[in-house]
1. Can you name every residue in the stretch 227-248 that is buried (at least 20 other Cβ atoms within 10 Å of the Cβ) and more than 16 Å from V39 (Cβ to Cβ)?
2. What about L271, is it closer than 30 Å to K194 by Cα, of a type outside the set (S, T, N, Q) and surrounded by fewer than 21 Cβ atoms within 10 Å (Cβ to Cβ)?
3. Can you name every residue in the stretch 151-167 that is free of Cβ contacts under 8 Å to residues at least 12 places away in the same chain and of a type in the set (S, T, Y)?
4. Would you be able to say whether some residue in the stretch 261-268 is polar (S, T, N, Q), crowded, with 20+ Cβ neighbours inside 10 Å and either part of a loop (DSSP other than H, G, I, E, B) or modelled with pLDDT of 85 or more (or both)?
5. Inside the stretch 225-257, can you point out the residues that are acidic (D, E) and either in a helix (DSSP H, G or I) or within 18 Å of V145 (Cα to Cα) (or both)?
6. Within the stretch 32-150, considering only helices (runs of 4 or more DSSP H) that don't extend past its boundaries, which have at least 1 residues that are in contact (Cβ under 8 Å) with a residue 60 or more places away in the chain and not aromatic (F, W, Y)?
7. Consider G84 against the criteria (1) under 22 Å from V177 (Cβ atoms); (2) at pLDDT below 90: it satisfies all of them except one. Which criterion is unmet?
Amino acid sequence: MASEALSVQVKPPGPFRAFWSAFSENRGAVLGLVVVVFVVVVALLAPLLAPHDPVEQFKGATRLPPFWKEGADPRFWLGTDAVGRDMLSRLMYGARVSLFIGLSVMLVSMVVGVAMGLAAAWFGGLVDVIIIRVMDLIMAIPSLVLAILIIAVIGPSLTNTIIAVTIVYLPRYVRLVRASALAELSRDYVTAAKVAGVGPFRLMTVTVLPNCLAPLIVQAALGVSDAILEAAGLGFLGLGAQPPMPEWGAMLADTRDLMLSHPWVMAFPGLCILVTVMAINLMGDGLRDALDPRLRKS
């Protein structure tokens with residue numbers, strides 16, 4: 001019986017369980033994940049959770065304080081802005097807009113960046129030089145300045161904000177995928193695939209790309225928070241989402257004249273941006289640690 005017990009082998013944990021075990025060791029990452037899930041749920045259920053229409057103006061209910069201050073109205077838990085719109089409802093709908101911008105920028109940047117990065121790594125030569133030099137030119141200009149320049153040319157709107165921020169953050173994905181693909185192309189399994197007659201497109205997308213996903217996933221997670229912050233900056237300058245759309249950056253711009261007299265009106269959207277960006281960054285750090293075996297705790 002003892003020999004039989006010794007011969008029993010413990011099965012190693014599956015890939016998902018190993019990933020979660022490494023991810024959960026980082027308490028900050030778990031906290032960030034909880035906050036991100038909460039923000040996503042609020043954004044998705046905003047039409048059901050919001051007590052009022054985010055653009056509806058209530059006459060005689062302007063600049064009302066939140067519920068814990070004297071003079072608050074029970075209809076508006078977080079008060080109202082300068083034109084009588086419910087702050088809580090606008091913050092909930094603002095989460096939808098900000099997350100939509102962040103996810104849209106991340107997805108478009110990642111798809112285009114992966115295609116350009118793989119092309120630069122595979123073709124090399126003149127194609128590689130042209131792609132990398134264009135990316136270097138984009139990175140040479142401060143991101144906010146470049147985004148403002150693009151918006152000035154194509155005009156301020158939500159769609160144009162996504163286009164501008166996508167162009168600004170595209171080089172991150174291109175350079176990351178190119179560097180990872182170049183490292184993978186020198187490995188034996190790629191040589192074996194070439195000898196086996198695998199075509200260039202299948203080789204790069206099926207054989208090489210999956211081995212470049214770990215750093216790409218981390219960059220994508222962090223890219224969402226960067227895009228939200230960049231879009232909020234454009235909205236604050238009046239070049240992003242246009243009123244009366246409830247976008248957090250635009251809400252900051254609408255209430256900057258009330259910063260001293262009614263500070264809570266400006267504090268709420270600022271806190272939403274701060275908490276969301278920090279939560280996504282913490283979650284991204286946890287993803288980096290979990291996906292890189294060298295950073296896992298023994």
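The values are calculated or read from the model by the stated rules, or taken from the named source; none is laboratory data. What you see is a predicted model; the values in this text were computed from it and never measured. Here Cβ is always computed from backbone atoms with ideal geometry, including for glycine, and neighbour counts include all displayed protein chains.
1. As a first pass, look at the stretch 227-248 and keep what is buried (at least 20 other Cβ atoms within 10 Å of the Cβ): 227-232, 234-236, 239-241, 246-248.
Once the filter is applied, which keeps residues that are buried (at least 20 other Cβ atoms within 10 Å of the Cβ) and more than 16 Å from V39 (Cβ to Cβ), the stretch 227-248 yields E230, L234, G235, F236, L239, G240, A241.
2. On the way: closer than 30 Å to K194 by Cα: no; of a type outside the set (S, T, N, Q): yes; surrounded by fewer than 21 Cβ atoms within 10 Å (Cβ to Cβ): yes.
When the stated conditions are applied, L271 does not pass them.
3. Just the residues of the stretch 151-167 that are free of Cβ contacts under 8 Å to residues at least 12 places away in the same chain, to begin with: 153-155, 159-160.
If the condition is that a residue be free of Cβ contacts under 8 Å to residues at least 12 places away in the same chain and of a type in the set (S, T, Y), then T159 is the only one that fits.
4. Initially, the stretch 261-268 is screened for residues polar (S, T, N, Q), giving 261.
Next, only the ones that are crowded, with 20+ Cβ neighbours inside 10 Å stay: none.
No, the conditions are met nowhere in the stretch 261-268.
5. At the first step, the residues of the stretch 225-257 found to be acidic (D, E) are 226, 230, 247, 254, 257.
The answer is D226, E230, D254, D257.
6. Working: elements: 46-49, 87-123, 125-140.
Qualifying helices (runs of 4 or more DSSP H): 87-123.
7. (1)
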